[in-house]
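Everything below concerns the one structure shown next.
The values are calculated or read from the model by the stated rules, or taken from the named source; none is laboratory data. This structure is a prediction, so every number in the text was calculated from the model and none was measured. For neighbour counting, all protein chains shown are included, and Cβ atoms are generated from backbone atoms with ideal geometry for every residue, glycine included. Just so you know, the surface numbers come from the protein's heavy atoms only, side chains and all, with ligands and any DNA or RNA stripped out. Shrake-Rupley method; radii C 1.70, N 1.55, O 1.52, S 1.80 Å.
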Amino acid sequence: MSGEEEQRMKVFLFGYYGFQNTGDEAILEVIVEQLKKSINDVEITAMTYKAKDTEDKYNIKAVSRNDFTKVLRAIKESDIVISGGGSILQDVTSSRSLIYYLAIVYVAKKMGKKVMFYGNGFGPVKNTINRRLAAYVINNVDSITVRDFESKELMKSIGVNKNITVTGDTAFNLQLLDQHLIDIILQQEDISKEKRLIGISVRSWKEEAHKEVVAQIADYLNKMNYQVIFIPMQYPDDIKISYEIAAMMGTKAKILDKYYTPKEILSIISSFHLLIGMRLHALIFAAIALVPMVGLEYDPKINSFLKIVSQQNGGNVEKLDFIHLCTIIEGVLNNRESYIEKLKKAKEAMKQKTEMNLQILQQLVKEGE
């Protein structure tokens, strides 16, 4: 092996990549940009659902999460392993994915690799055995940064005794497109700026009792002379439920059903007067673009984020109330400037916090040299 190859820093990244989830793709995009800018001669390999697609999009190496032999080889060849953001360590969707991700950390430590959690969310982890397993594995991680205080508290509550630094979601460093490019997208979607735009981001959730209330809200806003636009954050899953809600409406709905990159989604959201959202990264993107928001809570991480950015919670999606939600939305629309000021303060603080993720990684890299 040549001296150059020996000096090259090899990073293995894993997360919920390759599933066309806008938030997770935004996280991957930002981490890749940060690593390339801050580490000389870095070679990045990401574990993803669609290896070729990820390689082409981000100009990095990739291995399929379904080929564990290649995953093991990539870990073995790496100098440092990074769990790159998102709420991948939870057992609400399934125990299987939690155990899979914990296995990657366990294997990496057995191979003697440095491991970092890079602005992760954590939980909920409800199963007792899962909690014990998670605590055991996480206690071997070299550096832990989490995106909110609740994630830290939950880690501590299950028995994690490592130092945990609260930073922020890496996606906060995503950049907007130029205004003329945003205008082109809006023109292509036949979205006029004659009416003020209100975005709605929804996802499927349990019995989906929220669909009817969201349809009523969309009708109400359309009748108030706003233009309601459904914006998908998970493609194509969110499009399906958006069309289901549109079918319940008395007025016409606009649904963005093309695939857009994270920067394009962020830039579209920047044109909104208000965002009503279930998806965490729809809310994060609104915060980046200084667009006031009303969150619809399906997971504790939504309320946690709304507190950080001082924005309004419209209620739990399993028991949404039309009148209550209308009151919340009207309150934000009537006091929009004050909510923008709150976002300006929160955004600056969050950007500084998210930069800590990279600083802590750089310290870990130095220790390994």
Selection over the range 75-90 where residues are surrounded by 21 or more Cβ atoms within 10 Å (Cβ to Cβ) and over 22 Å from Thr167 (Cβ atoms) yields a count of 2
In the range 25-53, how many residues are closer than 17 Å to Tyr101 by Cβ and crowded, with 19+ Cβ neighbours inside 10 Å? 7
Evaluate the following for Leu283: is it within 22 Å of Glu194 (Cβ to Cβ) and either surrounded by fewer than 20 Cβ atoms within 10 Å (Cβ to Cβ) or of a type in the set (A, V, I, L, M) (or both)? no
Scan of the range 230-252 for residues that are among the aromatic types (Phe, Trp, Tyr) and surrounded by 15 or more Cβ atoms within 10 Å (Cβ to Cβ), ordered by number: Phe230, Tyr235
Mind checking which residues of the range 55-66 are open to solvent by less than 50 Å² (accessible area, probe 1.4 Å) and not β-branched (Val, Ile, Thr)? Tyr58, Ala62, Ser64, Arg65
Being within 21 Å of Gly85 (Cβ to Cβ) and hydroxyl-bearing (Ser, Thr, Tyr) is the filter; apply it to the range 289-321 and report the residue that is least open to solvent (accessible area, probe 1.4 Å). Ser304
Among the residues of the range 218-246, the number that are over 21 Å from His281 (Cα atoms) and touching a residue at least 24 places away in the same chain (Cβ under 8 Å) is 10
Flag if Phe19 is crowded, with 18+ Cβ neighbours inside 10 Å, touching a strand residue (DSSP E or B) at 6+ places or on another chain (Cβ under 9 Å), aromatic (Phe, Trp, Tyr) and not in a helix (DSSP H, G or I): no
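For (1) assigned by the TED database to the domain that holds Ile269; (2) touching an Asp or Glu at 6+ places or on another chain (Cβ under 7 Å); (3) modelled with pLDDT under 95, each residue gets a yes or a no:
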{"site": "Tyr118", "(1), (2), (3)": "no, no, no"}
{"site": "Pro124", "(1), (2), (3)": "no, no, yes"}
{"site": "Asn127", "(1), (2), (3)": "no, yes, no"}
{"site": "Ala135", "(1), (2), (3)": "no, no, no"}
{"site": "Asn140", "(1), (2), (3)": "no, no, no"}
{"site": "Thr145", "(1), (2), (3)": "no, no, no"}
{"site": "Lys152", "(1), (2), (3)": "no, no, no"}
{"site": "Ile200", "(1), (2), (3)": "yes, no, no"}
{"site": "Arg203", "(1), (2), (3)": "yes, yes, no"}
